[in-house]
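Reading through the structure tokens given below for one structure.
The values are calculated or read from the model by the stated rules, or taken from the named source; none is laboratory data. Computed from a prediction, not measured in an experiment: that's the story for all the values here. Heads up, the Cβs are rebuilt from the backbone with ideal geometry, glycines too, and the neighbour counts pull from every protein chain shown. When the accessible area is computed, the model is the full protein with side chains, heavy atoms only, and any ligands, DNA or RNA have been set aside. Shrake-Rupley method; radii C 1.70, N 1.55, O 1.52, S 1.80 Å.
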Amino acid sequence: ERTETKQGVHTQDISNLCEADLKNCLVGLAKALFGQNIEYRWVDCYFPFTHPSWELEVMFNGEWLEVLGCGVMEQQILHEAGIQDKVGWAFGLGLERLAMILYGIPDIRLFWSQDSGFLNQFKDATHESVIKFKEVSKNPQCVNDVSFWLPKDQPYDSNDFYDLVREAGGPTVEQVTLVDEFFHPKKGLQSHCYRIVYRHMDRPLTNEEANVIHNDIKKNAVDKLGVTMR
């Protein structure tokens with residue numbers, strides 16, 4: 001007999017075991033996303049392909065947040081797939097919606113953006129990364145490369161160059177990336193090439209304005225880091 005807690009073809013014990021496995025696994029998923037000490041609750045609900053069914057909610061920023069929906073799969077679906085001797089459970093969650101909440105992304109359309117100002121914020125992220133989305137300018141980028149030989153007679157660290165670029169360009173510098181490096185056997189020198197993306201938050205930045213900053217960066221790199229421009 002079908003009840004609120006089981007399907008007609010299931011015993012109560014089978015339904016309980018499936019429910020326990022489902023909830024244990026999905027609470028683990030929620031804790032991996034939101035932290036081990038989260039407050040959570042299960043809410044009974046209806047989905048057409050599972051019974052019984054639940055929604056998992058977690059307390060986030062003082063409010064209950066729906067994370068996912070789940071339930072014990074309707075046995076008829078398994079039977080029609082040729083599976084006669086097993087039970088199962090299913091769940092679904094909106095990954096984009098969760099990412100918007102976890103990272104503070106204001107517009108779902110950004111997930112389809114090819115703008116490097118957005119993509120680079122998450123390029124090296126792992127499941128343990130703590131990332132807060134930084135607003136990206138809607139104005140066009142100005143992109144300049146700079147190549148130089150590293151000094152032979154003093155140590156060089158790319159982080160020093162990144163700091164120098166940020167100091168010279170301030171908020172106008174959106175990205176700095178090492179895009180190429182090689183060793184010249186005849187010269188005995190190591191070469192680095194960096195790509196610098198300039199962009200203003202409030203207005204379009206002209207190439208002339210970007211070039212002024214870029215030339216200042218090149219001069220400072222020579223004076224402070226001992227590099228030789230190529």
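Just a few scattered comments:
- For segment 122-220, the solvent-accessible area of protein heavy atoms averages 63 Å² per residue (probe radius 1.4 Å; ligands and nucleic acids excluded).
- Solvent exposure of Cys18, expressed as accessible area, is near 10 Å², computed with a probe of 1.4 Å over the protein chains only.
- In a fully extended conformation the segment linking Phe118 and Lys86 would gain 7.1 nm over its present Cα-Cα distance, using 0.36 nm per residue.
- Sulfur and carbon atoms: percent of accessible area, segment 63-132 [1.4 Å]: 55 percent
- Virtual paramagnetic centre 7 Å along Cα→Cβ of Arg203, amide N under 17 Å, in segment 132-157: 137-142
- Farthest positive-ward along the chain dipole, Cα basis, beta-carbon charges - from Phe34, Phe183, Leu78: Phe183
- Lys/Arg +1, Asp/Glu -1 at C-beta; the chain dipole; positive extreme among Leu22, His214, Pro204: His214
- Taking amide H as placed 1.01 Å from N in the peptide plane, the amide H of Ser53 sits under 5 Å from that of Cys45, each at least 5 places away or on another chain.
- R0 of 25 Å, Cβ-Cβ distance Val179-Asn159: FRET efficiency to nearest 0.05: 0.95
- DSSP-loop GluC sites (Glu not before Pro) across segment 4-47, with at most 10 other Cβ within 10 angstrom: Glu4, Glu39
- Across all C-alpha atoms in segment 49-135, the radius of gyration and Dmax reach 18.0, 52 Å.
- Segment 3-42 gives an Rg/Rh value of 1.13, both radii derived from C-alpha positions and Rh following Kirkwood.
- Fraction of alpha-carbon pairs over 24 Å apart in the chain - percent: 63 percent
- The apolar share of the surface of segment 140-230, taken as the fraction of accessible area on carbon and sulfur atoms (1.4 Å probe, ligands and nucleic acids excluded), comes to 49 percent.
- Trypsin sites (Lys or Arg not before Pro) restricted to DSSP loop in segment 132-161 with at most 11 other C-beta within 10 Å: Lys132, Lys134, Lys138
- Straight-distance candidates among the lysines for linking to Lys218, with alpha-carbon spacing under 19 Å and chain neighbours fewer than 8 residues away dropped: Lys152.
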